[in-house]
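Asker: Okay, here's the structure, questions in a sec.
The values are calculated or read from the model by the stated rules, or taken from the named source; none is laboratory data. Note that this is a predicted model, so its numbers are computed, not measured. A quick note on method: Cβ atoms are made from the backbone with ideal geometry, for glycine too, and the neighbour counts reach across all protein chains shown.
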Amino acid sequence: MASRSRVFFSQRLTQACRTLRSACFFICLLLCASFPAGSAAAADGPSDAYLGELQRLAREKGLARARTWEVLLHYKPAGSGIKSLVDDPRFFNAPDGSRNPEAELFATLAAFFQEGVKEDEEHPRCRFIARYTWLHEQLSIDEQRLPKASCAKFEKALAAVNPRSVVLVFPNTLINLPSSMFGHTLLRINTQYESDLLSHAVNYAAITGDSLGLFYVFKGIFGFYHGRFSNLPYYEKVQEYNDLEHRDIWEYHLNLTPDEAYRVFLHIWEMKEFYANYYFFDQNCSFNLLFLIEAGRPSLRLTDEFYGKIHFWVIPVDTVRAAKKFGIIERVTYRPSRATKILRIASDMDSGLKDMSKAIVRGERKPASVLTEDLTVEQKREVLDLAAELTQSRFSGRKLEQELYQKQFLDVLAARSILGTPPADPYPIATPTPPDQGHLSSRVRTGGGYRTGSWFTELEWRPAYHDITDLDEGYVRGAQINFMDMSFRYYFDEDKLRLHRWHVIDIVSFSPWNGIFKPISWKVNAGVEELLLADGKEHPVPRLNAGGGLTAGVGDTGRAYLLAEADLNASTRLDKDYALGFGGTAGLMTNLTKDWKMNLWAQGLFYSAGDEHRSLAAGLQQNLRFTTNTSLSLDVKREQTFNIYKTDIVMRGNWYY
Amino acid sequence: MKKLAVVAAVVVVTLVLVGSAFAAGQAQTNTGCGLGTMLFKGSADNSVLLQTFQATTNGIYGNQTFGITTGTSDCQQPKNFANNERLNEFMVANMDNLARDIAQGRGETLDAFAELLQVPAEKRTEFYGQLQSGFARIFTSPGVQMASVMDNISTVSTK
């Protein structure tokens, strides 16, 4: 009873102190100090003697300091000691278990001796099955000398999942889906089935409840939500990413053995009821998955690649790179999204055929009428296959009511079923460059140049992730996400270092119209930027810029774009302290060779509120790649602001790391 | 005052945008027994605003359980197959893609279905052919439910 109320109390305490972690730690220390660590079963008896024996042996073997114990409890260095990253107090058997590995080990051993369990509750040996399995091996625990425990739930789940191997799954970004921008990772546990669709997906996510509010984002960033693992059939995840969100999926097959896959599953089972506070920058979905892989093979120090590093964020694709660094990636497979499939089918068809499909999808043409057209059987199949995919896509995009969808979809398929089966996949899709092979996520660039009247040198740091002048292999072409991009300039004539630019966020989406999909292009950019003001000098100005428009594809790599935009500047140096303007940007970005990319652009902004003025600019950006992670760029810009002309020429060396 | 408002607006918008940039995935609940159920559920709340807010959490709604099976008790059960929860579940969740694969005579969903039915590899071509030519007798009406589809499949195929 005492231990139960203690757990309850400390749970409440944890909730109350979540924002005051250090204070909480202190109180917990005080609280825990009053209880002996590793309190064993109270009653005297033979089992007590055996427990003592096991605890002694565990101490002799130094198991509390073993790597496996560290992995299973998610212990990480914290200050002069260590601390588990799991925040749920029920995850620990000892009151100070989150900071004291030995006390936790002893209390865990004691818990294995628990007599009986409540209904709907699992015995600690089942709940902590990964710990039990490992300690059983290390200490050669004699099960005959433990109280009986049956792990029926676990056995049933194990039989259903039947782990054989493990795949790290990376649904790629989709630029027009803001929430997908850095991608995501989940783990797939392969079963005895040949079909990948029948395997299991293990996902780590924050439990948010239904409410959306002003503090939703804050809560997500600062750890107010609980992150948990969940288990779903893989086909549900494939449908979610491939079919619904139109995201390509990359599957990195890991070389874990069946026994290691089994240990991954044990740890998943052990984690299923417990939460860790979800921090979206670092202790996020991708980071927490790494613990599962470590549980399979504790010698892999995947989480240490991120934890405690200057980099306080974890970008999903970087966890794939960490896995690659440790040599556990066996091969990569590509699962194209529905959008990719649709464009692939359409790529073989002339516009007349595509129009037929579109007419069917709009309900203007009966699917069966295609059968009597003067077309080859291959062409008829293409028309109906495209119509089927587009019908599903329209429905999932909520452009079609369910009843209409059901009828149209079945009519298309009924017509298609008459046309037989091609001998091989008629629409094979070549695998593009996998995301892990693109340039690395962070960039440092240094260089120098001339700005009318003065020479300067420049240093820029961009923690993440990709911009439209970076070479696109492994990334989504036309998509830019710059995050916390900052640069400093030193002007020689002033002998002064100045903050040139600090873009908290700078997102651009140029996804082209292609006759099938008609996406909106947009951009948004917030931060501080040096702007040319009426006094003829540059001053740092808080700036918010956003725009929307259209993009057309030009050749394989080109994108011509046109965006209307609004621009808001705030500065005491501006008349009325602000300027609000409207205007637009037009440009063309394209690869000149495989390693040479350029972006030609022009922008006009007309400030009609606040400090009324006009700003016109045009420029050419070029980037020449030497290796995946080094390149040289040359930017030229000419601008006229407040009727002052300035020219910029900058050359920079870029290092991605 | 105006300046303060502008700064506040910039800060709020920036935070929302920062938030929107990180990974997210929305889990769907899976109920219903006919065509379009899965996708419909999935897209029910697919607004940009929601996605933007969800982004910071990789959020999912409610308490997603760690169930190995999600159950199809809401659906009528097929008569002609031995009670196979996994098969029924697969059918409910994949009916749209399965219908497409059956009509086209090939596909990953169809392969998985055949595997669940334990159709041996050498008999699959024949099996797929039977389903394709029997398409109209399997998917008899737009509102057709999982149980009927399963029963019809057992009628048109020798499996």
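Asker: What are the residues in the range A:115-129 that are under 19 Å from A:Ala58 (Cα atoms) and either of a type in the set (Ser, Thr, Tyr) or touching a residue at least 60 places away in the same chain (Cβ under 8 Å) (or both), if any? Write out each step before concluding.
Answerer: From the range A:115-129, those under 19 Å from A:Ala58 (Cα atoms) are A:124-125, A:128-129; that's our starting set.
Those that are under 19 Å from A:Ala58 (Cα atoms) and either of a type in the set (Ser, Thr, Tyr) or touching a residue at least 60 places away in the same chain (Cβ under 8 Å) (or both): A:Phe128, A:Ile129.
Asker: Another question, then. Please work out which one of (1) under 29 Å from A:Ala560 (Cβ atoms); (2) out of contact with any Ser or Thr (no Cβ under 7 Å at 6 or more places or on another chain); (3) among the hydrophobic types (A, V, I, L, M, F, W, C); (4) free of Cβ contacts under 8 Å to residues at least 40 places away in the same chain is the condition A:Ile520 fails and give its number.
Answerer: A:Ile520 satisfies every listed condition except (4).
Asker: Counting residues that are of a type outside the set (D, E, K, R) and over 35 Å from the mean Cα position of the chain (by Cα), which helices (runs of 4 or more DSSP H) fully inside the range A:264-383 reach at least 3?
Answerer: A:351-361
Asker: Mind listing just one residue for me: the one in the range A:542-593 that is of a type in the set (Lys, Arg) and either free of Cβ contacts under 8 Å to residues at least 24 places away in the same chain or surrounded by 17 or more Cβ atoms within 10 Å (Cβ to Cβ) (or both) and, of those, farthest from A:Leu632 (Cα to Cα)?
Answerer: For the range A:542-593, the residue satisfying everything is A:Arg543.
Asker: Within the range A:66-90, can you find the residues that are assigned to a helix (DSSP H, G or I) and modelled with pLDDT of 95 or more?
Answerer: Once the filter is applied, which keeps residues that are assigned to a helix (DSSP H, G or I) and modelled with pLDDT of 95 or more, the range A:66-90 yields A:Arg67, A:Thr68, A:Trp69, A:Glu70, A:Val71, A:Leu72.
Condition check ((1) in contact with a His (Cβ under 8 Å, 6 or more places away or on another chain); (2) of a type in the set (D, E, K, R); (3) touching a residue at least 12 places away in the same chain (Cβ under 8 Å)) across all residues:
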position	(1), (2), (3)
A:Ala339	yes, no, yes
A:Ala346	no, no, yes
A:Ser357	no, no, yes
A:Val361	no, no, yes
A:Val377	no, no, yes
A:Lys380	no, yes, yes
A:Ala388	no, no, yes
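Asker: Looking only at the range A:448-506, count how many residues are at positive phi and without any contact (Cβ under 8 Å) to a residue 12 or more places away in the chain.
Answerer: 1
Asker: Name every residue in the range A:407-455 that is of a type in the set (D, E, K, R), out of contact with any helix residue (DSSP H, G or I) (no Cβ under 6 Å at 6 or more places or on another chain) and more than 9 Å from chain B (Cβ to nearest Cβ), in order of residue number.
Answerer: Selection gives A:Arg443, A:Arg445, A:Arg451.
Asker: Please list, ordered by first then second residue, the pairs with beta carbon atoms under 7 Å, 6 or more apart or interchain, first in the range A:235-246 and more than 7 Å from every other protein chain (Cβ to nearest Cβ), second buried (at least 23 other Cβ atoms within 10 Å of the Cβ) and basic (Lys, Arg).
Answerer: Short answer, once both residue conditions are applied: A:Tyr241/A:Arg247.
Asker: Does any residue in the range B:119-140 that is assigned by TED's automatic domain parsing to the domain that holds B:Leu35 and under 22 Å from A:Ala414 (Cβ atoms) come within less than 9 Å, Cβ to Cβ, of a residue that is among the hydroxyl-bearing types (Ser, Thr, Tyr) and surrounded by 13 or more Cβ atoms within 10 Å (Cβ to Cβ) six or more places away or on a different chain, and which pairs are these?
Answerer: Note: no pairs meet the criteria.
Asker: Residue by residue through the range A:185-196, note down the ones that are outside any strand (DSSP E or B) and either of a type in the set (D, E, K, R) or surrounded by fewer than 23 Cβ atoms within 10 Å (Cβ to Cβ) (or both). Reasoning before the result, please.
Answerer: Residues of the range A:185-196 that are outside any strand (DSSP E or B), as a first pass: A:185, A:191-196.
Those that are outside any strand (DSSP E or B) and either of a type in the set (D, E, K, R) or surrounded by fewer than 23 Cβ atoms within 10 Å (Cβ to Cβ) (or both): A:Thr191, A:Gln192, A:Tyr193, A:Glu194, A:Ser195, A:Asp196.
Asker: Quick one: how many residues across the range A:278-297 are among the charged types (D, E, K, R) and farther than 17 Å from A:His253 by Cα?
Answerer: Going through the range A:278-297, the residues among the charged types (D, E, K, R) turn out to be A:282, A:294, A:297.
Now restrict to residues that are farther than 17 Å from A:His253 by Cα: A:282.
Selection size over the range A:278-297: 1.
Asker: Can A:Ser80 be described as touching a residue at least 24 places away in the same chain (Cβ under 8 Å), out of contact with any Lys or Arg (no Cβ under 8 Å at 6 or more places or on another chain) and loosely packed, with under 15 Cβ neighbours inside 10 Å?
Answerer: Judged against the criteria, A:Ser80 is not a match.
Asker: For B:Asn97, all conditions in the list (1) crowded, with 17+ Cβ neighbours inside 10 Å; (2) facing chain A (nearest Cβ under 7 Å) hold save one; what is the number of the exception?
Answerer: (2)
Asker: Filter the range A:280-307 for residues that are within 22 Å of A:Arg462 (Cβ to Cβ) and either surrounded by fewer than 19 Cβ atoms within 10 Å (Cβ to Cβ) or without any contact (Cβ under 8 Å) to a residue 24 or more places away in the chain (or both) and give the result.
Answerer: A:Phe281, A:Asp282, A:Glu305
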